[in-house]
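Visitor: This is the structure I have questions about; it appears just below.
The values are calculated or read from the model by the stated rules, or taken from the named source; none is laboratory data. Note that this is a predicted model, so its numbers are computed, not measured. Here the Cβ positions follow ideal geometry from the backbone for every residue, glycine too, while neighbour counts run over all protein chains shown.
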Amino acid sequence: MFSFSNAERKFVAPPSEVAIDSFFPEETADKLAQIESYNKHLFRPNTYLHKWWARRSGVTFRSILKQLSSEPALRDFYTPGGLEGLTILDPMMGGATTLHEAIRLGANVIGYDVDPIPVLQARATLTEISLQEKRAVFNEFFEKLDKNLSLYFETSCPNCHEKSDMQFMLYGLRRKIDKDEALFVDSFTLRAETNGDKKTILDFYPSLEVTLGNRTWLLIDKDEAKKSGINDKHSELLGIPFMDRYVPLVMVGKCAHHGQFFKAPDHKDIQNMVAASTRVASLTFPGDNGFGVPQGPKSNDLIARGVTYFFDLFSHRQRIYLSEAKRYIDETAPEHRLWLALLVSTSLEFNSLLCGYKGVDQRRPGAIRHVFSHHAYSFPCTALENNPVFKDRTSGTLRNLFEKRIINAGLWAKGPIERRWSGVRWEKVMIEGELDLGQECQSLDEFTDKTRSFIIRQNDSSVLPLPDHAIDYVVTDPPYFDNVQYSDLSHFFRCWLHWFLPDQANWQYQPLLSAVAESRENESKFGGILAKIWQECHRVLARPHGRLIFTYHHWRAAAWAQLTIALAGARFRLMNGYVVHSENPISVHIRSLRALKHDAILVLKPFDADDTGHWEKPVSIKMDDSASFCRGCTQYLGWILDNDFDHDTICHLWKDFIRSE
Ligand SMILES: C[S@@+](CC[C@H](N)C(=O)[O-])C[C@H]1O[C@@H](n2cnc3c(N)ncnc32)[C@H](O)[C@@H]1O
Ligand SMILES: [Zn+2]
């Protein structure tokens, strides 16, 4: 009988040819994932061109893929290659962690996602284009934008009155209090210096009054309002456009002589904003088509705030930016449009009125709280309007994003770097000979005799456009039941990308195909779609070595029950399970769920008639420690899959086991 005892891996592995059935370097993978999880984008810059949610640690997937090498010597984490000749599929690729890691090891890879953004991002990051060429294209694009945009961000230094550039503008939120209105901000503090000095909004508005045109508002600190009970008496101005609910308060800019400055916007600064609104009136946008905010678990938060079009979330200057960017993307050579459009799209996370201010700390001057820092829409009182063509590489500027997500990423792709523990500290080691780039193919036939080839396609993986037994390993990371509403959140970018790249994806896609439970009422939707995907994986996996390997975590019994139902329906048996660190506890989408800091790595085999069960039923589960919890769930999953229970029994079994609901 097969079981985990004392929450440690002590078991006798079933005889098998596949190394990962009986071994995984849990301890090293766990340590590596712990350090990577704090700054995933710095560890693997080439996977992070565009925003996508719930990305897994690259080291975890490298560790998994390494064990799939048929050469024991090549299973070492720091040895290059090892998957040459194998075909790896990720049917739900998201940020494409599997594809990038498998390509580096020499595999041919296939990636599908139902959403166009992961598909475009994977294609852009895996395709090799000279960095010199990209720089020339970017410089030309930036120059054209700058010429048309920077005049609206021009200001003067409050010390010497010389012409300077605005870096960003902070706004306060108008709210109704009784019959009047007031301006709410998240905090009066603008900057806390290390010597104890503070720069605050009151430096510019000592009487707490703000006047614009013929109106005057009282300034209110949101937290103070809560303490004094004002919060219960105010209401949002839902009837007016989102942009008009914000009033400019403080501008931050940079003078060639005096460095960064803060000031209250003057007459000329306000005139710039008026000029921008006149300009917007003469610009062409694609109309409302595709820009309407749809109903959805997260989009409903926008609708509740009276935001019905995605345009509404952008200031006049930001709209000019979007319109001009579209014009210049169209003027760019076709082979460069994809990465350029993705760069502009991802910059919207730092250039919309949903951005907040977190520059209070002196060590991080000007840092922007970006739109999705909470895996949901949040509505700041202090809104931050960034200047995308600001010349310095500050947070969220186009130049900064280009250097990090295109140049640094491209350099890394040609010399990928890992971390190794020296006994004293973590050291960087380049993995000589690996490349995080490949050649795009259209069909499996083109894979013959090749390494590092890829097929990427937008596809609902309930049906895989692949022949039987064509895939050596499926390595994936399915959605976590109800945790992240990818298809709903990605509307924010999708409407703009659709406009920028009308022919490069199927933009009419159905969010309902996404394997996510949107609410407690449709939990079985997750299991239903996943069952079809696992059935297809069962069909396309080669025999006898083919395996389905994926990461999973969730506290709720229903999440495990739906996963089990899907796997049982697709006739998979659990060969083994391992547990590694997944996210650091401050990571937001797990904060509200108690810190579930681990991922279970599940190794499954398509069931054949002569397979016998080998899992022992665990007696109970430890709920107070996340690693033991994941181990307990793994063993229980193994035991249920070994027995042919019906759906209702599976649900009851999990409810009995995890009594958390
Ligand atoms: C957890 S994410 C993958 C994250 C990825 N492993 C990473 O590290 O970035 C799951 C992905 O599954 C995709 N997905 C959901 N339902 C799908 C379906 N029916 N067909 C294909 N992809 C689907 C979602 O769009 C999402 O991108
Ligand atoms: Zn100056």
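Visitor: So how many residues does segment 236-251 have that are assigned to a strand (DSSP E or B) and either within 16 Å of ligand 1 (Cβ to nearest atom) or at pLDDT 95 or above (or both)?
Guide: 6
Visitor: Consider only pairs whose beta carbons are under 9 Å apart and that are at least six residues apart or on different chains; among these, list those whose first residue lies in segment 394-411 and is farther than 20 Å from LEU149 by Cβ and whose second residue is among the acidic types (Asp, Glu) and surrounded by fewer than 21 Cβ atoms within 10 Å (Cβ to Cβ).
Guide: GLY410/GLU128
Visitor: Here's a follow-up. Across segment 22-55, what is the number of residues that are surrounded by fewer than 24 Cβ atoms within 10 Å (Cβ to Cβ), of a type in the set (Lys, Arg) and touching a residue at least 24 places away in the same chain (Cβ under 8 Å)?
Guide: 3
Visitor: A further question on this structure: Does PRO241 meet the test of being assigned by TED's automatic domain parsing to the domain that holds TRP217, within 24 Å of ILE177 (Cα to Cα) and either crowded, with 16+ Cβ neighbours inside 10 Å or touching a residue at least 24 places away in the same chain (Cβ under 8 Å) (or both)?
Guide: Criteria met by PRO241.
Visitor: Any residue at all in segment 120-131 that is within 16 Å of ligand 1 (Cβ to nearest atom), surrounded by 23 or more Cβ atoms within 10 Å (Cβ to Cβ) and either among the basic types (Lys, Arg) or free of Cβ contacts under 8 Å to residues at least 24 places away in the same chain (or both)?
Guide: no
Visitor: Determine whether GLU162 is modelled with pLDDT of 95 or more, among the acidic types (Asp, Glu) and in the same structural domain as LEU354 (by TED's automatic domain parsing).
Guide: Judged against the criteria, GLU162 is a match.
Visitor: Condition (residue is in contact with a His (Cβ under 9 Å, 6 or more places away or on another chain) and more than 16 Å from ligand 2 (Cβ to nearest atom)) applied to segment 216-232: is it met by at least one residue?
Guide: Yes, segment 216-232 contains a residue that is in contact with a His (Cβ under 9 Å, 6 or more places away or on another chain) and more than 16 Å from ligand 2 (Cβ to nearest atom).
Visitor: Among the residues of segment 295-324, which ones are surrounded by 15 or more Cβ atoms within 10 Å (Cβ to Cβ) and more than 13 Å from PHE242 (Cβ to Cβ)?
Guide: Residues satisfying the conditions are GLY296, PRO297, LYS298, SER299, ARG317, ILE320, TYR321, LEU322, SER323, GLU324.
Visitor: While we're here: Suppose we filter segment 175-187 for residues that are at negative phi and over 31 Å from the mean Cα position of the chain (by Cα); how many remain?
Guide: 8
Visitor: Which ranges mark the strands (runs of 3 or more DSSP E) fully within segment 402-499 that have 3 or more residues being crowded, with 19+ Cβ neighbours inside 10 Å and in contact with a Leu (Cβ under 7 Å, 6 or more places away or on another chain)?
Guide: Details: elements: 417-421, 426-430, 453-458, 473-476.
Ranges flagged: 473-476.
Visitor: Please go through segment 370-401 and give me each residue that is of a type outside the set (Val, Ile, Thr), in contact with a strand residue (DSSP E or B) (Cβ under 8 Å, 6 or more places away or on another chain) and buried (at least 20 other Cβ atoms within 10 Å of the Cβ), ordered by number.
Guide: If the condition is that a residue be of a type outside the set (Val, Ile, Thr), in contact with a strand residue (DSSP E or B) (Cβ under 8 Å, 6 or more places away or on another chain) and buried (at least 20 other Cβ atoms within 10 Å of the Cβ), then PRO380, CYS381, ALA383, LEU384, GLU385, ASN386, ASN387, PHE390, SER395, GLY396 are the ones that fit.
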